[in-house]
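Enquirer: Before anything else, here's the structure in question.
The values are calculated or read from the model by the stated rules, or taken from the named source; none is laboratory data. Only a predicted model underlies this, so the values are computations on that prediction, with no experimental measurement involved. No Cβ is skipped: glycine too gets one built from the backbone with ideal geometry, and neighbour counts run over all protein chains shown.
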Amino acid sequence: MAAPIAADRPTVWAPTAVPLREILPWVVLVALMAVIGLYFVGAEGGAASLVGGTAVHEFVHDARHLLAFPCH
Amino acid sequence: MVRTYILRGLLAGVIAAAAAFGFARVVGEPQVERAVAREAAAAHQRDDPSEPAVVSRDVQTTVGLATGLVVAGAALGGLFSLAFAVVYRRFADAGARGTALAVAGAACIAVFVVPFLKYPANPPAVGNPATIGHRTALYFTLLAFSLVSLVISVACQRRLVARLSAWNASLIAAATYLALVAAAYVILPGVDEVAAGYPASLLWRFRVAGAGIQCVLWVTIGLAFGTLTERSERGAARSRSDLISAKG
């Protein structure tokens, strides 16, 4: 606890907006990882194939159809 | 703070995937099953040698479905948490729960509804395998365009709110988004590969099931994330007021 808390401070803690510069690097990182994850669920073995074969495509087949991604 | 949001978003995404899995099992799988049975019957009639299944239907409808939904849920939940972090306390003075649900609604429209209405989902065996590359590219192009349009419209709202009321600024922002999406709908080519004679009721039920799964996913992400955030803020407020009363 650094600064002493004044008694007249409001007792309800209201968080302020997170600065954009603090969010941006996380956006890049999470977006990259999400794209990789969504690629394997949504497109691998259909429009493009990184690992070869149809195993990944067939494994997530139902999720891909039901999440409304183009499948075949 | 951002770290907490991301972890919470991943958790909300996994919770949402569990809810979507339940919905998909009950509402979605019967339609997939019907489409697969139809495909198999057609192949049998043509005397096609059936391809050996790489992954059995039992795995596809359970572990495969769950894995796909959890990966998608966590990815979308993580991205959602960052959108929440950008919006929260920056626009309206809404609480965490209200903001989370609003962001989830906007995300559902931009990420799912807009691409879906132009390029609706198809059950297995509908669609020409030769055009999958083209169709996938169109789908993700529209998705990316929709997201960029959403960012533009939110930036518009932010600019206009100083001069107009929040209500009018939001209306203009929404109209901007709709206009951009409408332009994309007109410019991008349509796709219709449903064979003549394909059962319309099966196609409709399959598409409604897909829309339901996405709605369950997004609403649950919004509700779970909002509830968890609200609760942790209340906890933080309580421990602060305890601290103040202890000092005073």
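Enquirer: Counting only residues that are under 28 Å from B:V14 (Cα atoms) and of a type in the set (D, E), which one in the range B:25-81 is modelled with the lowest pLDDT?
Expert: B:D58
Enquirer: Does the range B:1-24 hold any residues that are of a type outside the set (A, V, I, L, M, F, W, C) and buried (at least 16 other Cβ atoms within 10 Å of the Cβ), and which are they? Write out each step before concluding.
Expert: Let us first name the residues in the range B:1-24 that are of a type outside the set (A, V, I, L, M, F, W, C), namely B:3-5, B:8-9, B:13, B:22.
Selection gives B:Y5, B:R8, B:G9, B:G13.
Enquirer: Given the conditions (1) touching a helix residue (DSSP H, G or I) at 6+ places or on another chain (Cβ under 8 Å); (2) assigned to a helix (DSSP H, G or I); (3) more than 10 Å from chain A (Cβ to nearest Cβ), and given that B:A94 satisfies all but one, which numbered condition is not satisfied?
Expert: Failing condition for B:A94: (2).
Enquirer: Which members of the range B:157-201 meet the condition of being farther than 30 Å from B:G133 by Cα and outside any helix (DSSP H, G or I)?
Expert: Hits for the range B:157-201 are B:V161, B:A162, B:R163, B:L164, B:S165.
Enquirer: Another one. Might you let me know whether the range B:34-55 holds any residue that is free of Cβ contacts under 8 Å to residues at least 24 places away in the same chain, of a type in the set (K, R) and more than 10 Å from chain A (Cβ to nearest Cβ)?
Expert: If we filter the range B:34-55 for residues that are free of Cβ contacts under 8 Å to residues at least 24 places away in the same chain, which is where we start, we get B:37, B:40-41, B:43-55.
Imposing the further condition that a residue be of a type in the set (K, R) reduces the set to B:46.
When the remaining residues are screened for being more than 10 Å from chain A (Cβ to nearest Cβ), the result is B:46.
Yes, the range B:34-55 contains a residue that is free of Cβ contacts under 8 Å to residues at least 24 places away in the same chain, of a type in the set (K, R) and more than 10 Å from chain A (Cβ to nearest Cβ).
Enquirer: Here's another thing I want to ask about it. Could you check the range B:120-141 and list, in sequence order, the residues that are within 25 Å of B:R34 (Cα to Cα) and more than 7 Å from chain A (Cβ to nearest Cβ)?
Expert: Matches in the range B:120-141: B:P120, B:N122, B:A125, B:V126, B:N128, B:A130, B:T131.
Enquirer: Residue under question is B:V126, and the condition is that it be within 23 Å of B:R158 (Cα to Cα) and crowded, with 20+ Cβ neighbours inside 10 Å; does it hold? Reasoning before the result, please.
Expert: Numbers: within 23 Å of B:R158 (Cα to Cα): no; crowded, with 20+ Cβ neighbours inside 10 Å: yes.
Here the answer is no, as B:V126 does not meet what is asked.
Enquirer: Also: Please find, within the range B:58-91, the residue that is surrounded by the fewest Cβ atoms within 10 Å (Cβ to Cβ) out of those that are facing chain A (nearest Cβ under 9 Å) and over 23 Å from the mean Cα position of the chain (by Cα).
Expert: This residue is B:R90.
Enquirer: Can you go through A:V35, A:V30, A:V41 and tell me which one is more than 7 Å from chain B (Cβ to nearest Cβ), assigned to a helix (DSSP H, G or I) and of a type in the set (A, V, I, L, M)?
Expert: A:V35
Enquirer: Taking only the range A:13-62 into account, find how many residues are under 22 Å from B:S56 (Cβ atoms) and loosely packed, with under 12 Cβ neighbours inside 10 Å.
Expert: Total satisfying the criteria: 3.
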